[in-house]
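Inspection log for the structure reproduced underneath, given as structure tokens.
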Amino acid sequence: MANIEKLKKIASQVRRDIVRQTHYAASGHPGGSLGCADYLTALYFEIMTHDPSFNMEGKNEDVFFLSNGHISPLFYSVLAHAGYFDPKELATFRNINSRLQGHPATHEGLPGIRVASGSLGQGISVANGVALAKKLDGEDKHVFVLTGDGELQEGQVWEAIMFAAHHKIDNLIVAVDRNGQQIDGPTKDVMSLGDLRAKWEAFDWEILEMNGNDMEEVVNTLQEAKRKSGNGKPIVILMDTEMGYGVDFMMGSHKWHGVAPNEEQTEIALAQLEETLGDYPYPYEG
Amino acid sequence: MLENIVSTGKKSTRDGFGAGLHAIGQQNDQVVALCADLVGSLKMQAFIKEFPERFFQVGIAEANMMGIAAGLATAGKIPFTGTFANFSTGRVYDQIRQSIAYSHKNVKICASHAGLTLGEDGATHQILEDVGMMKMLPGMTVINPCDYNQTKAATMAIAEHYGPVYLRFGRPGWPVFTPEDYKFEIGKAYQLSEGSDVSIFATGHLVWIAVEAAKELAAEGISCEVINIHTIKPLDEEAVLDSVSKTKCVVTAEEHQMHGGLGDSIAQLLARKLPTPIEMVAVNDSFGESGKPMQLLDKYGLGTSNVVAAVKAAIERK
């Protein structure tokens, strides 16, 4: 049985980290990061079998790819608390000489990152490759990917979706962050995504839906996804989230996609998020 | 030495790739292959027949193919992607840049039908900018072998080299003159003849053209040092400088745009280390068109007579 309360406490600290990283860097993407905090916390602290000592190949581990790389402050916080590196390093986010680049990269050798992302639409393709390799090697582990909903406007995504169904990549579990927002506004105004369930159904995927900001539902749905794997179809979870979830003035608006909170906003935000695992010190002390 | 360089018959470089892929597939079970609906054109059938479980058809979806290759490499495989040079580079530049080059993935991008000698399909498919695009990517190795034997050897050699590689080859039957037992060394220039009047640095199909030109020039008493630069990046700087310090003038020859090609790399090196008169046989800021390979090489200034004229011009400038 998952300890939902414990996961919620971790997610709360992760959200504090997101607010603080973007505030200190005076840049970054808090909105989508906050919205997906419950999903990624559940993955790394409950769902996946993974080894924080980190090796690139991830043999006999579940592996995760972040396709919408701009929500890096979320990824970094979860990796740090999961033991991939010291949370103190979060204080270097977006700084010169940091391993915590604006968008995730392997180049500086940050443990936990397996491919660069940020230029959108590439994550499901990469995950397809790793999932194929796991099948070739006779592994029973899973490959998870998170993609934004606006990101589905990239054509490559649909190439990857078609490929996964054709090749029966049934150890692949994709989550779509359906927050309905993108930089220029609501997705329905910028470029309508239409009926996503019908689209994925037409590509012959197994489809689940969940409220991505209800920890219990997130854990249950991810476990259900794992149970449904191995049946000849790749799996997608259409995950409804609220951009900025957990910070009232950021919620539900595309305006916090790529804007960092100022000092006063940060103070208000942090007052709404319980400090559960201890804030990392700032500035960075090495 | 020049007179010993003779063609043993014509075979395409893409056939060399197919043979090399099959052979390395037998030696290394981590080698996997992907193709975007051009299995026959890339001559991948022998590999697929023997190793069907290590081959992945991706359909007409090159961007996805590059991402899948990055994923396979992440998990420890050695993926070889196969499609035309045009669709291996320009069409998927951002995918290669982010998921392969920046992420330092051990992917082998194998690109057929490069350059004008693709022939009748015309300029939409005749990419002449690919070497430039690929050599600009940090950490990318760029190789353009000259004949069947060299392409086969190069295909096998890149599997043993860790890191992203762009391997460029072509469509037409082309003279085979590299020894069958030739051992390919990445980044090591291959000297075909010793000469004293001019250094000719050639790559890909144009190596044979350079050899023919050098033979003509020998009859006129001009001594050419012909060097096959199969690896454009990293460039064998020592071989270039050694030769040029002796001959004092240079001709480069390639089936590519002048901007961004081999000539560009050599000119950059010489400008920094050993300023020397240099003439470039390359396509001069132009797209190609439909036609027969040899007609196209002549029309776009890449024929034997163009190399001969370039050599004389370079010597004149000493």
Report task. Only helical DSSP H runs with n ≥ 4 go in: add -39500 (n - 2.57) per run for the protein assembly as shown, normalise by residue count and round the 222 nm mean residue ellipticity to 500 deg cm²/dmol. Result -> -10500 deg cm²/dmol
Query raised in the report: Once amide H atoms are placed 1.01 Å from N in the peptide plane, what residues at a sequence separation of 5 or more from A:GLN182, or on another chain, have their amide H within under 5 Å of its amide H?
Result: A:THR187
Report task. Using only Cα atoms, locate the centre of the stretch A:1-64 and the centre of the stretch B:283-313, then give the distance between them in Å, rounded to an integer. Result -> 58
Query raised in the report: Tell me which lysines have Cα within less than 25 Å of B:LYS312's Cα, excluding those fewer than 8 residues away on the same chain?
Result: B:LYS215, B:LYS246, B:LYS248, B:LYS273, B:LYS299
Query raised in the report: Which of the chymotrypsin sites (Phe, Trp or Tyr not before Pro) found in the stretch B:1-97 are in a DSSP loop and have at most 14 neighbouring Cβ atoms, other than their own, within 10 Å?
Result: none
Query raised in the report: If the viscosity is 0.692 mPa s and the temperature 37 °C, what Stokes-Einstein diffusion coefficient in µm²/s follows for chain B when Rh is the Kirkwood radius over Cα pairs?
Result: 170
**Report entry** Average other protein chain Cβ within 10 Å of Cβ, residues A:153-159
**Finding:** 4
Query raised in the report: For the pair B:GLU50 and B:LYS273, what calculated FRET efficiency results from E = 1/(1 + (r/R0)^6), where r is the Cβ-Cβ distance and R0 = 51 Å, to the nearest 0.05?
Result: 0.60
Query - Three-way shape label, the stretch B:190-316, alpha-carbon gyration tensor, a/c 1.5 - result: oblate
Report summary line: Per the C-alpha gyration tensor (a ≥ b ≥ c, the square roots of its eigenvalues), the stretch B:42-151 is rounded if a/c is under 1.5, else prolate if a/b beats b/c, else oblate; here it's oblate
Query - chain A, relative contact order [Cα under 8 Å, separation at least 6], % - result: 27
Query - Under the Debye formula (equal points on every Cα, no solvent term), log10 I(q)/I(0) of chain A at q = 0.08, 0.10, 0.15 Å⁻¹ - result: -0.30, -0.47, -1.12
Report summary line: Filtered hits (aspartates and glutamates, Cα-Cα < 12 Å from A:LYS9, offset >= 8 within chain) -> A:ASP38, A:GLU274, A:GLU275
Report summary line: The farthest towards the positive end of the charge dipole of the stretch B:190-316, of the residues B:SER286, B:ALA218, B:ALA239, given +1 on Cβ of Lys and Arg and -1 on Cβ of Asp and Glu, is B:SER286
Query raised in the report: So, with +1 on the Cβ of K and R and -1 on the Cβ of D and E, and no other charges, what is the size of the charge dipole of chain B about its Cα centre, to the nearest 20 debye?
Result: 520
Query - Cβ-placed point charges (K, R +1; D, E -1), dipole of the stretch B:190-316 about Cα centre in debye, nearest 20 - result: 100
**Report entry** Positive-end residue, the protein assembly as shown charge dipole about Cα centroid, Cβ charges, pick of B:SER88, A:ASN97, B:ASN149
**Finding:** B:ASN149
Query raised in the report: Do any GluC sites (Glu not before Pro) in the stretch B:163-227 lie in a loop, going by DSSP, with at most 16 other beta-carbon atoms within 10 Å of their beta carbon, and if so which?
Result: B:GLU180, B:GLU185, B:GLU194, B:GLU220
Query raised in the report: Using a Gaussian network model of chain B with C-alpha springs under 10 Å, which one of B:GLY187, B:GLY76, B:GLY195 is most mobile by mean-square fluctuation?
Result: B:GLY76
Query raised in the report: With +1 on each Lys and Arg Cβ and -1 on each Asp and Glu Cβ, how big is the dipole of the protein assembly as shown about its Cα centre, in debye rounded to the nearest 20?
Result: 1080
Report summary line: Per DSSP, the loop-located GluC sites (Glu not before Pro) within the stretch A:123-222 having at most 13 other beta carbons within 10 Å are none
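All of the numbers you see were taken from the coordinates with simple rules; none came from a lab. Please read these numbers as outputs of a predicted model, since none were measured by experiment. Note that we place each Cβ from the backbone using ideal geometry, even for glycine, and neighbour counts take in every protein chain shown.
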